[in-house]
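Below you'll find the structure, written out as structure tokens, and then a few comments.
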Amino acid sequence: MRGLLSFFFILLLLSGSIATAAPAAFQDTMAQRTLACTSCHGKEGRAGPDGYYPRIAGKPAGYLYNQLLHFREGRRHYGLMANLLETLSDEYLYDIALHFAQLDLPYPAPQLATAPPEVLQRGRELVARGDPERRVPACASCHGKALTGVTPNVPGLLGLPRDYLLAQLGAWRTGQRRALAPDCMAEIARRLAPDDLSAVTAFLAAEPLPAHAKPVAPAPPPPVPRRRGQKAQPPAAPEPPPMRCGAALPPVAGAVR
Amino acid sequence: MKRIAWLLVAVLAVLAGLVWMFNFWGAPRIRDAAPTTPPSREQVARGAYLARAGNCMLCHTERGGAAYAGGRPIETPFGTVYAGNLTPDAETGIGSWSAAHFRRALHEGRSRDGRLLYPVFPYTHTTHVTGADADALFDYLRSLPPVHKPNRQHRLRWPYNTQAALAVWRALYFRPGQYMQDPSRTPEWNRGAYLVQGLGHCGACHTARNALGGVREAMDLLGGLIPMQNWYAPSLAAPSEAAVADWPLDDVVQLLATGTSPRGTVLGPMAEVVLHSTQYLEPRDLRAMAVFLRSLPPVPGDTDPREIPRASAVVFDRGAKLYEQHCADCHGKQGQGVRGAYPPLAGNRAITLPVTQNLVQVVLHGGFPPATRGHPRPFGMPPFATVLSDAEVAAVISYIRGAWGNRAAPVTELTVAQQRSSRRE
């Protein structure tokens with residue numbers, strides 16, 4: 001029975017892809033408006049002749065919005081992107097970010113792990129626990145336990161090719177890629193040992209996505225003891241304070257850039 | 001022999017004297033101190049509006065930097081000029097300037113210390129701004145939060161980096177002026193002329209420049225290639241380019257207010273002008289500008305349709321196939337476009353312009369019309385720089401310039417290649 005169901009499901013998917021291959025009639029939609037984006041990024045990210053165009057579908061809206069601002073304002077560098085965004089308002093960039101954040105598309109299979117097992121093991125360790133000696137927090141502490149991102153501003157780390165991940169960490173180390181201050185990722189990328197850059201990207205690129213691949217909501221802050229007289233519980237373990245990360249808030253309607 | 005040498009020296013001395021005279025004659029020293037009282041709220045509001053009309057912020061703000069704090073590099077054929085800090089910081093901005101200094105900068109192109117300014121700052125146009133408007137602009141700027149950011153040294157080649165070269169340039173191409181009302185025209189026309197020729201500095205792009213970056217007549221608006229940008233600002237007087245004499249007035253207003261209109265859409269540098277400047281102007285000012293622009297006497301294009309070369313059948317067919325594959329979904333099989341979303345290509349002046357830089361730009365790099373308050377969610381054109389080769393870009397452009405009744409010369413692969421390689425990122 002399950003086999004039959006999945007057969008129909010695949011048939012459904014196929015028919016969907018056949019329908020989209022036919023010449024698309026004009027529709028007054030965001031998908032139509034943003035053909036300039038999907039022509040390079042594809043539906044699920046795509047390798048281009050001059051590098052990798054990462055997947056944008058399903059990434060958190062705040063993250064996408066901030067990246068659009070970074071490209072427009074020179075904190076990230078890619079000529080074609082900057083050129084396209086030059087004439088767009090903050091409000092429209094946020095609309096575009098919301099549109100892509102809401103897309104729910106399947107992820108491709110992860111890349112085959114080619115790194116030696118000890119490298120992958122080191123990568124797994126960094127992702128889960130970080131490197132206390134170098135004061136590198138665990139990836140999972142900000143990007144979500146499942147590494148699928150945390151709304152509104154933290155992207156997932158899975159489903160991306162290793163070259164792209166390495167390029168981003170490298171760009172952060174050299175200052176080519178920046179975020180609004182405090183630029184936490186730049187700091188972390190600089191603290192990482194060169195071998196660890198390789199290990200963590202090898203692990204992330206080969207890690208399959210969980211069934212539920214959407215970004216999760218941020219964890220609620222720990223409850224504060226309210227009643228006087230009652231002794232507060234001692235903290236379980238002395239965890240380092242979380243890093244602060246700068247991000248632009250969504251635009252306020254009616255504001256002028 | 002000696003006499004000739006003396007004669008030469010004498011001629012040079014006279015020329016130097018003339019250059020000096022053109023630049024410094026009769027200019028009194030300004031000894032005013034910076035104002036100490038804060039500007040009135042009305043003056044600040046008026047100045048803010050005028051700053052929009054002049055689009056001052058676009059050049060005087062670095063990408064991602066503090067507004068008006070300067071630092072944006074402006075490429076010229078002579079090197080890079082960095083826009084100055086206009087915030088009221090006493091040390092690095094204009095905090096120590098007086099209103100008289102500011103007026104002189106706009107009217108005569110000179111800095112607080114009397115240095116000659118580079119005409120990248122369009123004082124060839126702002127010289128027409130009234131004293132009252134200059135004062136309002138100054139009051140607005142000094143109401144901004146001061147930002148401590150030292151101005152960057154320009155990176156110009158010799159001899160362009162010398163004050164002497166600048167003095168010669170100014171003697172050739174600049175006379176301080178003031179806007180003269182034309183009593184034979186309506187007040188509305190005069191207001192439009194004042195905005196277009198003064199603060200709006202439309203002619204800075206829409207007028208051709210010679211090899212020295214000078215213009216014969218700063219106000220002719222007959223179209224020009226924007227230096228270093230590979231964009232052509234079309235003639236506002238030629239019916240074959242971008243004249244609006246036969247447009248309904250409301251369409252001109254709509255184009256300036258929203259970036260799009262039934263008769264055309266703005267892209268590239270003009271989209272930035274609409275985004276940052278004209279969309280904020282009051283309807284009556286936009287109407288005045290439209291009245292003035294519609295009154296420009298028509299100048300015929302200089303191409304004879306009988307002499308237009310045609311693309312070879314091979315190129316044309318190749319272009320047709322590429323068009324079908326990449327363009328027809330949006331622009332239509334007959335180049336008819338989609339109203340309100342994608343411009344038609346058939347019978348579109350932007351497609352048949354004799355200068356093809358803009359077409360190559362748009363096909364290679366794509367773009368969006370400006371996202372304005374009146375047209376907040378425009379449809380975008382994808383970039384094809386990574387998809388199509390130079391020969392393919394040339395073929396598809398040659399096709400759309402020759403199909404559906406369009407009659408314009410083809411574009412060569414070399415043209416596309418040159419433009420692709422000259423792009424600065």
Checklist entry - Which condition number does A:I96 fail, the rest of (1) in contact (Cβ under 8 Å) with a residue 12 or more places away in the chain; (2) facing chain B (nearest Cβ under 7 Å); (3) among the β-branched types (V, I, T) being met? => result (2)
Checklist outcome for this item: Residue pairs within 9 Å by beta carbon, gap of at least six or interchain, first lying in region A:167-178 and over 16 Å from A:L157 (Cβ atoms), second assigned to a helix (DSSP H, G or I) and among the aliphatic types (A, V, I, L, M), listed first then second, are A:R173/A:A186; A:R173/A:A189; A:R173/A:L197; A:G175/A:A186; A:R178/A:A171; A:R178/A:A186
Next on the checklist: I'd like to know if region B:175-184 contains one or more residues that are more than 20 Å from B:F292 (Cβ to Cβ), under 14 Å from the mean Cα position of the chain (by Cα) and at pLDDT below 95.
Outcome noted: no
Item to check | region A:145-163, residues that are under 12 Å from the mean Cα position of the chain (by Cα) and not small (G, A, S) | outcome: A:L147, A:T148, A:V150, A:T151, A:P152, A:N153, A:V154, A:P155, A:L157, A:L158, A:L160
Checklist entry - Which of the residues belonging to region A:40-65 are in a loop (DSSP other than H, G, I, E, B) and in contact (Cβ under 8 Å) with a residue 24 or more places away in the chain? => result A:K43, A:E44, A:G45, A:P54, A:R55, A:I56, A:A57, A:G58, A:K59, A:P60
Checklist entry - Does B:P119 satisfy the criteria of being in contact (Cβ under 8 Å) with a residue 12 or more places away in the chain and buried (at least 21 other Cβ atoms within 10 Å of the Cβ)? => result yes
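Just the residues that are more than 16 Å from B:S312 (Cβ to Cβ) and within 30 Å of the chain's Cα centre (by Cα), please, taken from region B:394-406.
Taking region B:394-406 as the starting set, the residues that turn out to be more than 16 Å from B:S312 (Cβ to Cβ) are B:404-406.
Selection gives B:N406 alone.
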Item to check | Residues satisfying the stated conditions in region A:135-166, i.e. farther than 18 Å from A:H212 by Cα, in a helix (DSSP H, G or I) and without any contact (Cβ under 8 Å) to a residue 40 or more places away in the chain | outcome: A:L166
Checklist entry - Hey, B:M57 hits all of (1) more than 14 Å from chain A (Cβ to nearest Cβ); (2) surrounded by fewer than 22 Cβ atoms within 10 Å (Cβ to Cβ); (3) of a type outside the set (G, A, S); (4) over 18 Å from B:P150 (Cβ atoms) but one; which does it fall short on? => result (1)
Checklist entry - Conditions: (1) out of contact with any Leu (no Cβ under 8 Å at 6 or more places or on another chain); (2) part of a helix (DSSP H, G or I); (3) buried (at least 19 other Cβ atoms within 10 Å of the Cβ); (4) within 13 Å of chain B (Cβ to nearest Cβ). A:R122 meets all but one. Number of the miss? => result (4)
Item to check | Filter result (within 14 Å of chain A (Cβ to nearest Cβ) and part of a helix (DSSP H, G or I)) within region B:256-269 | outcome: B:T258, B:P269
Checklist outcome for this item: Conditions (1) in contact with a Lys or Arg (Cβ under 9 Å, 6 or more places away or on another chain); (2) within 12 Å of B:L106 (Cα to Cα); (3) outside any loop (DSSP other than H, G, I, E, B) -> B:H125 fails only (1)
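Please state which one of A:A189, A:A179, A:A138 is surrounded by fewer than 19 Cβ atoms within 10 Å (Cβ to Cβ) and among the hydrophobic types (A, V, I, L, M, F, W, C). Spell out the reasoning first.
Numbers: A:A189 fails: surrounded by fewer than 19 Cβ atoms within 10 Å (Cβ to Cβ); A:A179 fails: surrounded by fewer than 19 Cβ atoms within 10 Å (Cβ to Cβ).
Of A:A189, A:A179, A:A138, the one residue that is surrounded by fewer than 19 Cβ atoms within 10 Å (Cβ to Cβ) and among the hydrophobic types (A, V, I, L, M, F, W, C) is A:A138.
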Item to check | Entirely in region B:337-421, the helices (runs of 4 or more DSSP H) that have 3 or more residues that are touching a helix residue (DSSP H, G or I) at 6+ places or on another chain (Cβ under 6 Å) | outcome: B:357-365, B:390-402, B:413-421
Checklist entry - Going through region B:386-425 one residue at a time, which ones are at pLDDT 95 or above and within 13 Å of chain A (Cβ to nearest Cβ)? => result B:L388, B:S389
Checklist entry - Looking at region B:370-379, which of the residues that are buried (at least 21 other Cβ atoms within 10 Å of the Cβ) and within 7 Å of chain A (Cβ to nearest Cβ) is farthest from B:L281 (Cα to Cα)? => result B:F379
Checklist entry - Pairs, please: C-beta under 7 Å, at least 6 apart or cross-chain, first residue in the same structural domain as B:L199 (by TED's automatic domain parsing) and modelled with pLDDT of 95 or more and in region B:255-279, second part of a helix (DSSP H, G or I) and basic (K, R)? => result B:S277/B:R52
Checklist entry - Is it the case that B:V253 is away from every other protein chain (no Cβ under 14 Å) and farther than 22 Å from B:A45 by Cβ? => result yes
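The values are calculated or read from the model by the stated rules, or taken from the named source; none is laboratory data. This one's a predicted model, so the numbers in the text were calculated from it and none came from an experiment. Methodologically, a virtual Cβ is constructed for each residue, glycine included, from the backbone with ideal geometry; neighbour enumeration extends over all protein chains shown.
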